[in-house]
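Asks: The structure's right below; bear with me while I get my questions together.
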Amino acid sequence: MILYDFRCDSDHRFEAGVASMSSPAPDCPDCGQSSRRILTTVRTSGFASAGRSREEMPKSWKGMSGGDPGAVDYWRRSMEKREKLEERYPELGGDRRPILAHEGIFQGRPLRAGDDIGASVEAAVKADSAQKAAAAEGRPDGGSATKTANPAGTSARGSGKPAGASAKGSGATQGGASRR
């Protein structure tokens, strides 16, 4: 099926699919009169572009070509265009809320200002434990999840003390070895 533009004797324009280039022109769907194929208009300008994203903007003096006035002016104009576009279409800007936490259980899924902290922590802990369980199952030495590092900083045995903290001032660490 090939799409062509057609115009009937009553000057109705329409697009229709025909079997081949040599197929007869279809009748007009509006008035039923015979039609003829017309040239298709091709647009060569006026395409839409979101421009460069914030991640592509330079973040250092070196990225600005050492402060070259032409480069600084180019990136300033690019950023202003991007900001205007994001004002009209906020979905292009992404989530610009400040990040409160991005390490430990929030690695790869940062905690942002305005998030429900309780729900975010619960979701991050569940995802982290599921990830650790999957890693433990895939180990060739048959290790368990308790041997992996604990992002909360507590011991794997659940004593509530940070890993490596001394037990009642005896100088012994959790594993029983003394620290000197």
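Asks: For Ser35, which sequence-distant residues (separation of 5 or more, or a different chain) have an amide H within less than 5 Å of its own amide H, given hydrogens modelled in the peptide plane?
Replies: Those qualifying (amide H under 5 Å, at least 5 residues apart or on another chain) are Cys28.
Asks: Mind giving me the nanometre distance, one decimal, between the label points for Lys81 and Met1, set 7 Å out from Cα along Cα→Cβ?
Replies: 3.8 nm
Asks: Here is a follow-up. Want the number for Asp116 to Arg36: 0.36 nm per residue separation, take away the alpha-carbon distance, what's left?
Replies: 22.5 nm
Asks: Going highest first, how would you order 26-36, 86-96 by mean Cβ packing within 10 Å?
Replies: So the peptides 26-36, 86-96, ranked by packing, come out 26-36, 86-96.
Asks: Using a simple spin-label model with points 7 Å from Cα along the Cα→Cβ vector, what separation in nm is obtained for Asp11 and Gln131?
Replies: It works out to 6.6 nm between the two label points.
Asks: Okay, moving on. For Arg112, enumerate residues with amide H under 5 Å from its amide H, sequence gap 5+ or separate chain, H modeled in the peptide plane.
Replies: Leu100
Asks: Same structure again: Could you give me the ³J(HN,Hα) list for region 85-91, computed from phi with Karplus coefficients 6.51, -1.76, 1.60 and θ = phi - 60°, whole Hz, x at Gly and Pro?
Replies: 5, 5, 5, 6, 10, x, 5
Asks: Run the quick spin-label model on Lys59 and Asp95: label points 7 Å from Cα toward the beta carbon, then report their separation in nm to one decimal.
Replies: 1.7 nm
Only the coordinates and a few stated rules stand behind these numbers; no lab work does. Since the structure is predicted, the reported quantities are computational estimates derived from the model, not experimental observations. Here the Cβ is made from the backbone with ideal geometry for all residues, glycine too, and neighbour counts use every protein chain on show.
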